[in-house]
1. Which order do Asp114, Asp136 take by accessible area at a 1.4 Å probe, largest first?
2. Taking amide H positions as placed in the peptide plane 1.01 Å from N, state which residues far from Leu26 in sequence (5 or more) or on other chains have amide H under 5 Å from it.
3. Cut-off 19 Å, label point 7 angstrom out along Cα-to-Cβ of Val9: give me the residues of region 142-166 whose amide nitrogen falls inside.
4. Hey, can you rank 42-51, 12-21 by average C-beta count inside 10 Å, highest first?
5. So in the chain, what percent of DSSP beta bridges are antiparallel if you round to the nearest 5?
6. In whole percent, and with a 1.4 Å probe on the protein chains, what portion of the accessible area of region 1-113 is carbon and sulfur?
7. Over the chain, give the accessible area per residue in Å² for a 1.4 Å probe, as an integer.
8. Could you give the nm distance between label points at Ala174 and Arg67, where each point is 7 Å from its Cα heading toward the beta carbon?
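The values are calculated or read from the model by the stated rules, or taken from the named source; none is laboratory data. Bear in mind the structure is a predicted one, so any value in this text is a computation, not a measurement. Counting neighbours? That spans all protein chains shown, and the Cβs are built from the backbone with ideal geometry, glycine included. Note: areas computed on protein heavy atoms with side chains; ligands, DNA, RNA excluded. Shrake-Rupley method; radii C 1.70, N 1.55, O 1.52, S 1.80 Å.
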Amino acid sequence: MIDADQGVVDRARRIKLLILDCDGVLTDGRILMLPDSDETKAFDVKDGHGIVMAQRAGLRVAIISGRKSSVVRARAKELGVAYLYEMAWIKQEPYEEILAAEGLADEQVCYVGDDVVDIPLLRRAGLGIAVADAVDEAKLHSLLVTERSGGRGAVREIIEFILKAQDKWDHAMARYL
């Protein structure tokens, strides 16, 4: 569970949009290359269910990936992710497009990353979070670091933190109790 000071909890209360890097955040960062030039990846089911819970609670979700993968497109569609940008090595452009489309400001965004290409958005978003196994430089520029690693429940941990900060967790859990 994320242990955060009150200032970070206050930032989490303002979040309306969760933007995720893919490789190393939604996955453990490993890529299995297939003979037909495609690739496959493994996703944590708890992260996926967390995304569904976040959307039910009113959060919008986006993925900005530096790679292109049919597996990621299928997973994003399956989860109902609002925005998916692929081949985005400079992530500020899709970030700005999403904010404009949603009519949101930086302080309403949580960005989750794991590598140096994520640093500009980790610094810009109202709540920048690095996963536990992120590179040191990404952690240095984040307000929080998860206890769980990418592809191993980190996204779920972040969603629970945000929903609890927004007093939406009990309502999200009510359907299961």
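1. On the way: Asp114 25, Asp136 115 Å².
Sorted descending by solvent-accessible area, the residues read Asp136, Asp114.
2. Under 5 Å from the amide H of Leu26: Gly151.
3. Only 143-147, 157-166 pass the distance filter.
4. Working: 42-51: 18.4, 12-21: 21.9.
My ranking of the peptides, most packed first, is 12-21, 42-51.
5. Numbers: 2 of 19 bridges.
Percent antiparallel among DSSP bridges in the chain is about 10.
6. Working: 2800 of 5480 Å².
With neighbouring chains kept in place, the figure for region 1-113 is 51 percent.
7. Working: 8570 Å² over 177 residues.
Per-residue value: 48 Å².
8. Here the answer is 4.0 nm between the modelled labels.
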